[in-house]
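Everything below concerns the one structure shown next.
The values are calculated or read from the model by the stated rules, or taken from the named source; none is laboratory data. Since we're looking at a predicted model, the values are computed, not measured. Cβ coordinates were reconstructed from backbone atoms using ideal geometry, including for glycine residues, and neighbour counts include every protein chain displayed. These accessible areas exclude ligands, DNA and RNA; they are computed on the full protein's heavy atoms, side chains included. Shrake-Rupley method; radii C 1.70, N 1.55, O 1.52, S 1.80 Å.
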Amino acid sequence: MPNLLDYDLDGLAAWFAGLEEKPFRARQVMRWIHREGCDDFGAMTDVARALRAKLEAQAEIRAPALLRDSLSADGTRKWLFDVGGANAVETVFIPEAGRGTLCVSSQAGCALDCAFCATGRQGFNRNLGTAEIVGQLWLANKLLGPAGERGDGEDNGRVISNVVMMGMGEPLANFDNVVAALRVMLDDHAYGLSRRRVTVSTSGIVPAIDRLREECPVALAVSLHAPDDALRDRLAPINRKYPLRDLMAACRRYLERAPRDFVTFEYVMLAGVNDSDAHARALVALVRETPCKFNLIPFNPFPHSGFARPPVERVRRFASILSEAGIVATTRKTRGGDVAAACGQLAGQVQDRTRRASARPLPMMEVCS
Ligand code: SAH
Ligand code: SF4
C-alpha cells in the first residue's frame, strides 16, 4: 500500500492523477500530512468524503516506528527509529537560541568507511526510503509540539527551523530518495523551509554534488578532514575516487547555484593526525579560490576508534590560523554527549553486513551547531 510520506508534491499529484483526482487535491492532502501532522484521512475535513474513503482504502501515512526517545541535560533530544530488518537509525534535535536544528539520517550504516566514523564502522545496510527520511522530520515535529509552548522556534509556529542531513549515512549515495525528501522540506505546502536552512553534508561524491546543484541546490557542507590527497585518501577513502582538486572544482561549480555564497567545510580534528599548524596552513592554500567557512569538529571518541581528540588549545590555535587568513572558522560544540548524540556517535543498531573486525553496534550520530 503506498505510503504518502514517500511522495514530494509532484509525486503525490501523479499518484492522485492515477485516482483521477485533480492536483489541488494533492496540495490539500500534502498540507494535512505535513503542516498538520495528520495521519488520519478521516480527519481531513476539507477533503471530499469520497476521496477520503478512497485514500483510507488505498494508502497510508506511516513514519518509522519510534524505539527510544532520550533527552540530554543540554536539551538535545535523540530519537531511535526502527527501519526494519534489525536496523535502527537516529535523529537528533538541537535547540539553540533563535533556532532549532534537526539532524536527519539518510542510510542505515554507510559504505564509505571513513576511518574515524562509527557509522562507517558498521558497514552499509541499506538506503532509507523517502518516507523514512521525511518521517524523521514529520515525527520530530509532532513530538516536539508547536513552538508557542516552548517560546522558541520559528514564526511559522514550528520548533524546527533548520534541517541538516548529517545523521547516519551519506546522503548523496541515496540521491533520489534524499532529493525527494528535500523537496518536501522546501515545499510551501509542507514544511516551507528555505534552501539556506536545509543543508546536505557530503563526504565528497563529485558527480552527485553536480547533480544536486542541478536538481535541488540547498546549502552544502563538505567533509574535508585533510589538506592533501595522501592524508585524505586514508581518512576518507572516497578521496581515492574523487581527489581534492576535483572536489574543490565541484564546490566552486556548486556555488554558482547555491543559496549561500560559501561552502561549509567540516573538519574532524584528530590528535596528531590532521591538527598541526602545517595542516592549517596547507588548508588555507587549498581553499584559496573556494569561498568557504570551516566548521571544526573535535573528534568524538567511540570504542576502538584508534583516534583521539586534540587538546582544546590545539583546536584554538588551528582555528586562529584559519581566521588570520580571513577564513571564518567555528568550532562545533559537542551537544548531547550524555545521550550519545554527538557528531560521529550515531550508531542506532545497524546489522553489520561487512563483518569488519571492529564493527559493532555503536551509538552514532553527531549534531551540529
Ligand atoms: N556522510 C556525510 C554526513 C554524515 S556525517 C558526511 O560524511 O559528510 C556528519 C559529520 O560528522 C561529517 O563531517 C563526519 O565527518 C563527522 N563525523 C563522523 N564521525 C565523527 C566523529 N567520531 N567525531 C566527530 N565528527 C565525526
Ligand atoms: Fe559515511 Fe559520513 Fe561516516 Fe564517512 S563520515 S563513513 S561518509 S557517514
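Hey, could you get me the Stokes-Einstein D for the range 65-368, Kirkwood radius over alpha-carbon pairs, 4 °C and 1.567 mPa s, rounded to whole µm² s⁻¹?
68 µm²/s
So what J values fall out for the range 250-263 if you push phi through Karplus, 6.51 cos²θ - 1.76 cosθ + 1.60 with θ = phi - 60°, rounded to Hz, Gly and Pro as x?
Working through the residues one at a time gives 5, 4, 5, 4, 4, 5, 5, 10, 6, x, 10, 9, 8, 9 Hz.
Please report how far the C-alpha centroid of the range 54-105 lies from that of the range 209-249, rounded to the nearest whole angstrom.
Cα centroid to Cα centroid, the span is 28 Å.
Report, for the chain, the % of DSSP beta bridges that are antiparallel, rounded to 5.
So the antiparallel bridges amount to about 45 percent of the total.
Report the one residue of 235, 209, 169 whose Cα lies farthest in the direction of the positive end of the charge dipole of the chain (charges on C-beta: Lys and Arg +1, Asp and Glu -1; origin at the Cα centre).
235
I'd like the carbon and sulfur percentage of the solvent accessible area for the range 65-368, probe radius 1.4 Å, heavy atoms only, ligands and nucleic acids excluded.
The value for the range 65-368 is 49 percent carbon and sulfur by accessible area.
My understanding is that a pair violates if its Cα-Cα distance is over 26 Å; which of 241/293; 54/78; 78/241 do that in this structure?
54/78; 78/241
What part of the accessible area of the range 4-58, given as a whole %, is carbon or sulfur when the probe is 1.4 angstrom?
Exposed carbon and sulfur together represent 46 percent of the surface.
Could you work out the longest stretch of the chain that avoids the GluC sites (Glu not before Pro) located in DSSP loops with at most 16 other Cβ atoms within 10 Å?
Value returned for the longest uninterrupted segment is 37-255.
Within a Cβ distance under 12 Å of residue 127, other residues only, what is the Lys/Arg minus Asp/Glu net charge?
Summing Lys and Arg as +1 and Asp and Glu as -1 gives -2.
Quick one: which residues, 5+ away or cross-chain, put their amide H under 5 Å from the amide H of residue 125? H built at 1.01 Å from N.
Counting only residues 5 or more places away or on other chains, the set is 108, 109, 110.
Hey, could you get me the Stokes-Einstein D for the range 35-108, Kirkwood radius over alpha-carbon pairs, 37 °C and 0.692 mPa s, rounded to whole µm² s⁻¹?
Approximately 218 µm²/s, per Stokes-Einstein.
For the chain, with every protein chain kept in place, what is the accessible area per residue (1.4 Å probe, Å²)?
The answer is 40 Å² per residue.
Show the residues, 5+ positions off or on another chain, whose built amide H is closer than 5 Å to the amide H of residue 223.
Residues meeting the amide H criterion: 202, 203, 204, 266.
Report, please, the projected area of the range 152-234 averaged over directions, based on the convex hull of its C-alpha atoms, in nm².
Result: a mean projected hull area of 6.6 nm².
How large is the charge dipole for the range 65-368, taken about the Cα centre, if only the Cβ atoms of Lys, Arg (+1) and Asp, Glu (-1) carry charge, to the nearest 20 debye?
It works out to roughly 460 debye.
From zero outward in steps of 10 Å, how is the percent of C-alpha pairs of the range 154-310 spread across the bins?
10, 38, 33, 15, 3
How large is Rg over Rh for the range 4-58, taking Rg from the Cα atoms and Rh as the Kirkwood inverse mean of 1/r across Cα pairs?
0.90
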